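Novice: To start, I am sharing the structure in question, which I have written as structure tokens.
The values are calculated or read from the model by the stated rules, or taken from the named source; none is laboratory data. The model shown is predicted, which means the values in this text are computed figures rather than measured ones. Glycine also receives a Cβ, built like all others from the backbone with ideal geometry; neighbour counts cover every protein chain displayed. Note: accessible area is taken over every heavy atom of the protein model, side chains too, but ligands, DNA and RNA are not part of it. Shrake-Rupley method; radii C 1.70, N 1.55, O 1.52, S 1.80 Å.
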Amino acid sequence: MASKITVMPFHTLSVTILVVLVLVHLHGTEAQQQPLVQGLSWNYYQKSCPKLESIIKKQLEKVFKKDVTLAAALLRVHFHDCFVQGCDGSVLLDGSASGPVDSEKTAPPNLSLRGYDVIEDLRSRVNKECGSNTVSCSDITAIVARDAIVLTGGPQYKVPLGRRDGVTFATRNATLANLPSPFVPTGTLLTNLALKNFDATDAVALSGAHTIGVAHCTSFTRRLYPTQDTTMDKTYASNLKRVCPNANTNATTNMDLRSPNVFDNKYFVDLMNRQALLISDQDLYTDKRTRSIVTSFAVNQTLFFEKFVDVMVKMGQMEVLTGTQGEIRKKCSVRNSNELLISSVVEGDNMDSVESL
């Protein structure tokens, strides 16, 4: 007698395959997770503040529904925080009422930062749910940056948590020295980022954050006046001159020509079409060291997302304070003792750094 063969229904087979693929994907994601700085954890607040991430995401959905441009602004706050003194929330600190005004927040590259009020509001909501001595402002800022990416169409990823807040802010010179300038060529950018342990792929992926957000005229008009930069598309340049009729026009325009409020890979398509705003952006495609990386991201959004997540997790662990270091601020803009000190940890000067990541 012939053996009886049971044929699985097509829809059941499809579901089975889907489940297997999802499990493989999850396993792969877990296997690719980067090693964490001591003191950080993937589930740091699992017991002390289990609703933390849902509180933040729910509120940000409302915030971005009213003003989607705040997504890029809040992502930028995280960048600027991490590149200067590490991810310690120091960029959130106000200067002391009686002390010097030479603070990180008032340094030229940070004068255009927005979204401090959103972070402070989230700080209050989290305090109400979990207590005022549980979640740091630097962790809130890191989660906000991730959600700004996700809620505008970018990749979902886990954020390592457990950062503590710094009790000092950087000086103006230290801030200028540590934030990438929009006016430098790729060679300088790669050299500066290498000092922070970022390679060429990291540099291009990080620059991809410019797929959302705006730039001020003064950060790119030297490409228009007195003569046009030959690496800029002529039609694009003509349109920009309408927005910025002179070099010092006080106006802004979208960083990504094609999909300014969507986190995707179109920024790299802009670069390939010579339609990038900043010198530091366009030169990524001009320079042979990074041209192929730009191209690979332009044709493969999944690859860009993968590399962007890698570098975000890497950046988010820069010089973090953990354990008993620093503090957990009750209010993000002031130390708990209400006395701000100026940090002398990093010094330097770079007057060109007016608009950065």
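Novice: I'd like the full set of residues that are over 14 Å from Leu74 (Cα atoms) and open to solvent by 10 Å² or more (accessible area, probe 1.4 Å), limited to region 135-158.
Specialist: Gly153, Gly154, Pro155, Gln156, Tyr157, Lys158 - these are the residues of region 135-158 that are over 14 Å from Leu74 (Cα atoms) and open to solvent by 10 Å² or more (accessible area, probe 1.4 Å).
Novice: Would you please name the residue that is most open to solvent (accessible area, probe 1.4 Å), looking only at residues in region 169-202 that are in a helix (DSSP H, G or I), under 16 Å from Asn110 (Cα atoms) and of a type in the set (S, T, N, Q)?
Specialist: Within region 169-202, the match that is most open to solvent (accessible area, probe 1.4 Å) is Asn173.
Novice: So, in region 216-258, how many residues would count as being among the β-branched types (Val, Ile, Thr), within 27 Å of the chain's Cα centre (by Cα) and part of a loop (DSSP other than H, G, I, E, B)?
Specialist: Going through region 216-258 one residue at a time, the tally reaches 2.
Novice: Can you name every residue in region 290-332 that is assigned to a loop (DSSP other than H, G, I, E, B) and either open to solvent by 70 Å² or more (accessible area, probe 1.4 Å) or modelled with pLDDT under 95 (or both)?
Specialist: If the condition is that a residue be assigned to a loop (DSSP other than H, G, I, E, B) and either open to solvent by 70 Å² or more (accessible area, probe 1.4 Å) or modelled with pLDDT under 95 (or both), then Glu319, Thr324, Gln325, Lys330, Lys331 are the ones that fit.
Novice: Within region 280-321, track down each residue that is touching a helix residue (DSSP H, G or I) at 6+ places or on another chain (Cβ under 7 Å), more than 20 Å from Arg258 (Cβ to Cβ) and among the aliphatic types (A, V, I, L, M).
Specialist: Val311, Met315, Met318
Novice: While we're on this one: How many residues are over 20 Å from Thr286 (Cα atoms), of a type in the set (D, E, K, R) and without any contact (Cβ under 8 Å) to a residue 12 or more places away in the chain if we restrict to region 220-261?
Specialist: 1
Novice: Quick one: Ser132 ticks every box in (1) surrounded by fewer than 21 Cβ atoms within 10 Å (Cβ to Cβ); (2) in contact with a helix residue (DSSP H, G or I) (Cβ under 7 Å, 6 or more places away or on another chain); (3) touching a residue at least 12 places away in the same chain (Cβ under 8 Å) except a single one, so which number is it?
Specialist: (2)
Novice: Does region 89-121 hold any residues that are among the hydroxyl-bearing types (Ser, Thr, Tyr), modelled with pLDDT of 95 or more and open to solvent by less than 30 Å² (accessible area, probe 1.4 Å), and which are they?
Specialist: Passing the criteria: only Ser90.
Novice: Among residues belonging to region 32-53 that are in a helix (DSSP H, G or I) and either under 15 Å from Thr134 (Cβ atoms) or among the basic types (Lys, Arg) (or both), point out the one that is least open to solvent (accessible area, probe 1.4 Å).
Specialist: Checked region 32-53; the qualifying residue least open to solvent (accessible area, probe 1.4 Å) is Leu52.
Novice: Hey, another quick one. State yes or no: is Glu306 in contact (Cβ under 8 Å) with a residue 40 or more places away in the chain, within 23 Å of the chain's Cα centre (by Cα) and at positive phi?
Specialist: When the stated conditions are applied, Glu306 does not pass them.
Novice: Give me a count of the residues in region 170-199 that are under 18 Å from the mean Cα position of the chain (by Cα) and either farther than 18 Å from Met318 by Cβ or aromatic (Phe, Trp, Tyr) (or both).
Specialist: Number satisfying all stated conditions: 3.
Novice: A further question follows. Taking the stated definitions as given, is Phe297 closer than 24 Å to Phe183 by Cβ and under 16 Å from the mean Cα position of the chain (by Cα)?
Specialist: Spelling it out, it is not the case that Phe297 is closer than 24 Å to Phe183 by Cβ and under 16 Å from the mean Cα position of the chain (by Cα).
Novice: While we're on this one: Got a number for residues in region 138-158 being part of a helix (DSSP H, G or I) and within 16 Å of Ser54 (Cα to Cα)?
Specialist: Of the residues in that region, 12 qualify.
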